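Right, one structure below, let's go through it.
Just so you know, all these numbers are worked out from the coordinates, no wet-lab data involved. Predicted model, so just to flag it, every value in this text is computed and none were measured. Cβ placement follows ideal geometry from the backbone for every residue including glycine, while neighbour counts extend to all protein chains displayed.
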């Protein structure tokens, strides 16, 4: 059944309608050149199925047969980013600036954290805590 | 592990966390008076909810989370434009330092005040307060990835604000100059 179908397709030169992957797989299965001595010439309009004026898609079968299968294609290579690039690689970061900023923010925070806590706040905590224990 | 904390232990934890909590509130609100109000409100909430704290878990993250929630409520209620962050740096600026260093500190404070709230919180928790990404995520109620993303964006925004401000205020060659000054300071510290 499959053999006769292939014969039919080959006879009517229909391989031009198949996707490149299907075409290459079919060629591999049959282990023989697609069109033998009479390759399809682009521009010809064979009468298929008795119908008239059927437009055939111009395909260069040899070029398509040499295309790799989808599974063999390699994904496009992304450009190498420097190790200090941002989370999504939007732009490379400046390590000098980041180190400086880190230090500045630490200094700012520590300066504020070393300030004495307002007495009224401590008093409030102690009072509320005592009330809570009694209640 | 005890079922609940002793009252004295809870009070000790609370009093011990106050300095860093207050510093976080000041950098967050950009205003000392408002920061103290926020801190007081958060402490009251923490005392009311002290039975909800599970011993053995991170008290620092727990109390910071309360303050974060309180801060969000403050923002929703007030809807007032924030005042400047100038006074945040007054204690730091009162320390002896070079003129360049003081100017740069003011720049950092100004840029920090212009960050979006989410980015500012993440940057303060990670870069200033020294929290881990896990702790910051539990404080902010988001994923670790979100915290990382916010911190990264905050740093880039700070970089733009500080360097662009410098180049706007002066001539075109000042951006490389500020980077050189930063680089010199790092060399001097290391």
What's the exposure ranking of B:32, B:110, B:22, going from fewest to most Cβ atoms within 10 Å?
B:110, B:32, B:22
Please arrange B:48, B:142 by counting, for each residue, the other beta carbons lying within 10 Å of its beta carbon, fewest first.
B:48, B:142
Rounded to 0.05, the calculated FRET efficiency for the beta carbons of residue A:122 and residue B:57 at R₀ = 30 Å is 0.75
Residue A:130-residue B:44 pseudo-label distance in nm [points 7 Å out on the Cα-to-Cβ vector]:
2.0 nm
For the pair residue A:96 and residue B:73, the simple spin-label estimate (label points 7 Å beyond Cα toward Cβ) gives in nm 4.7 nm
Cβ-Cβ FRET estimate between residue A:114 and residue B:114, R0 fixed at 25 Å, reported to 0.05:
0.45
Neighbour counts of other C-beta atoms within 10 Å: give me B:15, B:104 arranged from fewest to most.
B:15, B:104
